């Protein structure tokens, strides 16, 4: 694999993963209608998307199912109600959050599940737990990723130590995650090389956030540096500033199996009405400011919810917290 | 100058040019209130912005002043009513559009004007006319740029021929202009090198559009490749998908003279109310599609104005026109 790909290449190694329901679920508390989910599944199949993430597999002991939509838990039967046996080329993933799931009991053996891939999300201090989760899912027969969150806040040699531990595990894909939308493309070039190099013989992935309107640009940059698993969401739907837009990424990639039209139809039919009904995601000034300051978007979400527009003062408040 | 700058560097050669009134004027027919213009001027001074473009110097023989706001014409006395003698470090520019201005008569000698820079905009087939305009403005005492528009549609050796002609002229700055928001950062890296190399001993600039949410990313990429004159607009206000956001660019640049706070205050005080009053600019799906297809945004502007959201069909319509 060359260090820097040419964008005119057709790279069959590249995989697009739609995580609209998982990251977008953080916008609507996982309250997607069955019609939405069915249409999204069909659109992803038609668009040539490689993986679709249906949601989190959260612990029902820690989170009350009455307080969330069903895709916070993503039960096997709920997925099957949409996809049947999933006789399509599209693979299915779920996300298991370290410390927020009962993975030993709630993740079935692969032979009993329509899920193909388990994505283990963790913070850098949870790597030992994540490795236990990776080993558990791998031994059950799944493809497994490790998505280390908030790495723009990890200093010194902690990240290198974490990457060594993860690369020695049976994981298939290691994800670079820009949780706060803090990275510039130049940072991505550096970090992607680190991740790709550490995963020799395995794969690297990228998951971006759009705080500085760089989610797509950073995804392209990661791709140029040999990162093969690329996350995207329809219309960028995801927490706060959202993610890389599927419609941008699919039109950029040169593999003829990808088509942006089914995704455009999803935007017309579902995403625009969801926005019109009051759901909010995507770039806005407060997200730029938390992104620049490498902060969690929760304060920006609160700022917007309160109807505030005094951005300078918000910047001062953020600066007092760093 | 190194071929690829490190973003932590403090580069005193970099200049930020605010063209909110010129490109944003295409959104509101140049109908800015005097209060807006005065506040923008003060904000740019306070933010350390290097140049502020007040508008076009269009021909009153070709365009009826009754049909446009005054910044389509940007008379000397209208600028002076805002800036007086402009006793600030901020320089003032106007744009002269090839074939749409009476530059010989309407551009005064520099000694009689508060304008510092004339930016000559042209298409590649107008280079001989542009060079006459450059020579005229230069001989009158101005800093002069040449902004060749729509170069993403110029094939073969026409662009190289144009760059040779412009670089042999007395121009100070040659602008790479991504009129249709068609370029990816990888294209910018290639084109910026071409422009910078062709302008040895002079300067290169970049003006982006945000059709693919890449205006900021492309501006950064151009900057890394030695492009020093960077266009931006407050809140990205500009035709169609708009431009690189000033608040993003200023927070990215490391020169301590730049401050994003005065720009944030402009957004709070003026840009949000303008949006609330119905003015539209910024990323939207139709602009993505014209950007991908390297088309003029006018069809997308019309599509949006008509309230259409059938994106797939719009894509088909565009494909029939290329």
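Just so you know, all these numbers are worked out from the coordinates, no wet-lab data involved. Every value quoted in this text rests on a predicted model; they were computed, and no experiment measured them. Ideal geometry is used to build each Cβ from the backbone, glycine not excepted, and the neighbour counts take in all protein chains shown.
Ranked for footprinting exposure by Cβ neighbours inside 10 Å, fewest first, B:60, A:15 give B:60, A:15. The alpha carbon centroids of the range B:96-139 and the range A:1-68 are separated by 52 Å. Taking other C-beta atoms within 10 angstrom as a stand-in for reagent exposure, A:38, B:22 fall in the order A:38, B:22, fewest first.
Within the listed set B:48, B:99, B:156, the Gaussian network model of chain B (springs between alpha-carbon atoms below 10 Å) gives the highest mean-square fluctuation for B:156. Which residue fluctuates the most in chain B, going by a Gaussian network model with Cα springs under 10 Å, if the choices are B:235, B:255, B:243? Between B:235, B:255, B:243, it is B:255 that shows the largest mean-square fluctuation. The range A:183-228 and the range A:259-322 have Cα centres lying 22 Å from one another. For the range A:224-322, a/c is not less than 1.5, where a ≥ b ≥ c are the root eigenvalues of the C-alpha gyration tensor, and a/b does not top b/c. That puts it in the oblate class.
How high is the relative contact order of chain B, in percent, with contacts defined as C-alpha pairs under 8 Å that are six or more residues apart? Display every interim value, and only then the final one.
Details: 651 pairs, mean separation 60.5, N = 322.
This gives 19 percent for chain B.
Shielding by partners for peptide B:206-213, expressed as the average number of C-beta atoms from other protein chains within 10 Å of each residue's C-beta, is 3. If you plug the beta carbon distance of residue A:139 and residue A:64 into 1/(1 + (r/R0)^6) with R0 = 30 Å, you get a FRET efficiency near 0.50.
For chain A, what is the mean residue ellipticity at 222 nm derived from helices alone (per DSSP H run of n ≥ 4: -39500 (n - 2.57); sum divided by total residues; nearest 500 deg cm²/dmol)? If you can, show how the numbers build up before the last one.
Details: 15 runs with 127 residues, N = 322.
The helix contribution divided over chain A gives -11000 deg cm²/dmol.
On the beta carbon distance between residue B:165 and residue A:35, with R0 = 60 Å, the FRET formula returns roughly 0.55.
Is chain B best put as rounded, prolate or oblate by its Cα gyration tensor, with a ≥ b ≥ c the root eigenvalues, rounded for a/c under 1.5, and otherwise prolate when a/b is larger than b/c, oblate when not? Intermediate values should be presented prior to the final figure.
Values: a/c = 1.19, a/b = 1.08, b/c = 1.11.
Since a/c stays below 1.5, the shape of chain B is classed as rounded.
Legend: mean number of C-beta atoms from other chains within 10 angstrom of residue C-beta atoms, peptide A:185-192, equals 2.
Computed over chain B with a Gaussian network model linking Cα atoms closer than 10 Å, the most mobile of B:91, B:302, B:153 is B:302.
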